[in-house]
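The values are calculated or read from the model by the stated rules, or taken from the named source; none is laboratory data. It should be emphasised that the depicted structure is a prediction, and the values quoted were computed from it without experimental measurement. Virtual Cβ from ideal backbone geometry, glycine too; neighbours counted across all protein chains shown.
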């Protein structure tokens, strides 16, 4: 709980296509119920598109082979069955592409559901929105994780038993001659601090103190940490810019890009010095789902049943790392060859308590 005085928060997420979605939207309206929960909907691209086109929206849930036989359902009847990605396969009916057969229990206008969500958000401040397709598409561990939730503040999507150790850099400390016409940002020192801080956060993984063995195994295998910053608004003002103008947006992009690139450079150096995260050296079997999500893998010669190293799937085929490659292609090639010390590096988290305690209320 923040500053030791705020109650601890919990997170509950729910599929926008689940048969009980309308009940979930209204779940917190009863006074005192679920007070410590952030309730958020997992919003898919298909739902957003259905809202735009004013289409019907099917509510569905996976079926087992027994249910398929007992209820005499036809897998080829689109009015009965919807094939979609689902995080748990288990005993559910699945096709070759890794899609799960879901029984359609009800259809309604997508805009009707959208209006209910908007009204509830306006009147009750919930449910929140998680664009879950984008979360999974941009996840560096796309090949072995199917994320269904974030932490309660929303900045860190995590898999089951996942943990991400967070830390933030105070940007105000790098402003020279603030509030003057000669104000400037010390980029060299900022880069040095990010490099040292990256090493520090990686060291924190070693003393994580997580209570469950599953949590410890998860963080030691992938070594996630999340470096962010605080004081962006104050820094922009100290540099003589107005928050939100073109110059401030360009500065924000530049400082974020610098934080990211230095972090991955240090991740490569740490992999050479101490060894990469364990997942980087693991072998993963190429599946039909992988090829569906990353068609460029087939173009590169991968077939179902082939083996691929975690470091290659992470650096070369992660949509996020592909963006890094547009800035520093040689760095990403080195990461694909040698692996990285960690799978994730940055996370811009809320910093209210940190700002009050060490940054003189920077904002």
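When residue 304 is tested against (1) buried (at least 18 other Cβ atoms within 10 Å of the Cβ); (2) farther than 22 Å from residue 158 by Cβ, exactly one condition is not met: (1).
Just give me the residues in the stretch 95-133 being more than 21 Å from residue 61 (Cβ to Cβ) and touching a residue at least 24 places away in the same chain (Cβ under 8 Å), in sequence order. Scanning the stretch 95-133 gives 96, 111, 120, 124, 126, 128, 129, 131.
Would you mind stating whether residue 52 is in a loop (DSSP other than H, G, I, E, B), free of Cβ contacts under 8 Å to residues at least 12 places away in the same chain and under 28 Å from residue 157 (Cβ atoms)? Even if it seems obvious, please write down each step before you answer.
On the way: in a loop (DSSP other than H, G, I, E, B): no; free of Cβ contacts under 8 Å to residues at least 12 places away in the same chain: yes; under 28 Å from residue 157 (Cβ atoms): yes.
So residue 52 does not fit the description; no.
With respect to being within 20 Å of residue 107 (Cβ to Cβ), without any contact (Cβ under 8 Å) to a residue 60 or more places away in the chain and in a helix (DSSP H, G or I), residue 23 fits the description. In this structure, does residue 79 turn out to be buried (at least 17 other Cβ atoms within 10 Å of the Cβ) and under 15 Å from residue 104 (Cα atoms)? Criteria not met by residue 79. Residue 90 meets the conditions (1) touching a helix residue (DSSP H, G or I) at 6+ places or on another chain (Cβ under 9 Å); (2) part of a loop (DSSP other than H, G, I, E, B); (3) closer than 29 Å to residue 142 by Cα; (4) modelled with pLDDT under 95 in every case but one. The failed one is (1). The selection criterion, being touching a helix residue (DSSP H, G or I) at 6+ places or on another chain (Cβ under 8 Å) and closer than 30 Å to residue 322 by Cβ, does not hold for residue 126. The test for being outside any strand (DSSP E or B), touching a strand residue (DSSP E or B) at 6+ places or on another chain (Cβ under 8 Å) and either at pLDDT below 95 or under 27 Å from residue 155 (Cα atoms) (or both) holds for residue 75. The numbered conditions (1) part of a loop (DSSP other than H, G, I, E, B); (2) surrounded by 13 or more Cβ atoms within 10 Å (Cβ to Cβ); (3) at pLDDT 90 or above are all true for residue 42 except (1).
Out of curiosity, is residue 29 surrounded by fewer than 17 Cβ atoms within 10 Å (Cβ to Cβ) and without any contact (Cβ under 8 Å) to a residue 40 or more places away in the chain? When the stated conditions are applied, residue 29 does not pass them. Looking for something closer than 24 Å to residue 355 by Cβ, out of contact with any strand residue (DSSP E or B) (no Cβ under 8 Å at 6 or more places or on another chain) and crowded, with 16+ Cβ neighbours inside 10 Å - is there at least one such residue anywhere in the stretch 242-261? Yes.
Looking at the stretch 212-274, the helices (runs of 4 or more DSSP H) lying wholly inside it that each contain 2 or more residues that are in contact (Cβ under 8 Å) with a residue 12 or more places away in the chain and under 18 Å from the mean Cα position of the chain (by Cα) sit at 213-222, 246-274. Screening residue 31 against (1) at pLDDT below 95; (2) more than 15 Å from residue 128 (Cα to Cα); (3) outside any loop (DSSP other than H, G, I, E, B) leaves a single unmet condition, (3). Selection of the stretch 275-286 for residues being buried (at least 16 other Cβ atoms within 10 Å of the Cβ), in contact (Cβ under 8 Å) with a residue 60 or more places away in the chain and part of a loop (DSSP other than H, G, I, E, B) yields 276, 277.
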